[in-house]
Amino acid sequence: MIHPLASPTAAPGQIAPGAHSLGTIAQLDIDDVDQIVGALAWYGGQIYFAGLYIDRDVQDFRRIVRFDPQTRGWQTVHTSLAINTKRRSGPGNMLDTFFPDNPTEEQSKDKLTDALGVNLAGEQALETGRNVYCCLFEERGRLVASLSSPLGGEVAISEDGGPWRTTFDLVPANGHTFHQPVPFGGGVVALATGLSQNAPPLLRGEAVDSALWEEVPVPGFKEQGNELACRAAVFADSLYIGTRNLERGFQLWRLGALAAQPGDFEQVIASGAYLFSDNQQVAAMAHFGGCLYLAGGKSHRSLRAHQVANVEIFRVNPDGGWDLIVGKPRFSPSGLKVPFSAMGPGFDDGTAVLQCLVAHAGYLCAGFTSRGAFKLFVTPDGEQWTEKPLGNFGGELVAALSTPEGLVLLFNPRAQGQPPAKKGEPLPSIALEAWRFPLD
């Protein structure tokens, strides 16, 4: 159940002037929540949150909730569940529990999914938050949620924000679990999670609820050490794809048209922007000031997919050239690159871990945690950055969203990377804290 509106705990004077609490989202019926990955969306004048809650038994619970300004509370509008059958004594035992007549396993999976919304997909244990993805966006007037973990993927669609339908469940074993569907070229391109050995980096279909998806070949993608395409954005009539590459550093690829030939893919940035394995992953992309900004940095198993350490920020211009905005000076094939902001990695903070990169109200905003505290840096022009005091917020940021009413930040007050509770002791319950901030 979703807990009613409650004020997050904060001592007087610790919150920025003009900040407004949107209450808490508490999962009182889920024990031992180990990590939360989620996304926010503004749809029909209301705020929605989609989240994957991973417990210590490696199940993932999927929830979509909506903030109602009339009742000032969060309401559940959709739920589902993915079970890791390998960690729960195997699929055979579980199927016997639900279906004592012992039909075939595949028939039982279909029945159980239809009856309970349970996906019996999980042969791969969930080892790290960087393989969990969630996005929430509007497409053709509909609100679409794409939720993906090593236990399986799900695409849920609502025509009006009320009733939701799950269009299909995606199975990791065949490589067709994906995250971040992106409308492009009259169709949809989705980034494959890459959980199977030969998973393609990209898939394409006519719409997010298409029954048929086909591979988009990217020559040399796997051969160059890329694990997966982790972020994408449409910019200057092209599709830009940022990768995770732990050995050689992230790459940024560009595709000019959905129907283009494989050779039409072009590398815009290679070798982690020439810091190699110090820049392993593109964690975020944002449109701002007629350019595309991206954040890259060091990946780690303890970090989520949208988080990197030693964060650097880059700007891609409409002509395909790129600039270093925040980071370490380096030589590149196009010459010496020095940061336009005159700030080093992590905004001169070696402990910074990126949490968000979002454009809002004429500012580009970069949020990160440092020594247990959340900090927000903003810029009106992409180059001159200043810190925006928000107050005393700890833990980690789950999601950020620009709305007409302010910048909404959703915090998990439980600090990331805490030592696990002792055996037999439950993890503390988690209530996500939602806040809205003005930037003027």
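Each reported figure results from applying straightforward, stated rules to the coordinates on display, with no laboratory input. Remember, predicted model here, so these are calculated numbers, not experimental data. Note that each Cβ is placed from the backbone with ideal geometry, even for glycine, and that neighbours are counted across all protein chains shown.
Past 24 Å, Cα to Cα: identify those pairs from 298/375; 328/375; 222/328; 222/298; 298/337, in the order given. Distance filter (> 24 Å) returns 222/328.
Inter-label distance, residue 70 to residue 338: 5.9 nm, where each label sits 7 Å from its Cα along the C-beta direction.
Exposure proxy shown here: for 42, 322, 385, the number of other Cβ atoms within 10 Å sets the order, fewest to most, as 42, 322, 385. Taking label points 7 Å from Cα along the Cα-to-Cβ direction, residue 371 and residue 440 give a separation of 3.5 nm.
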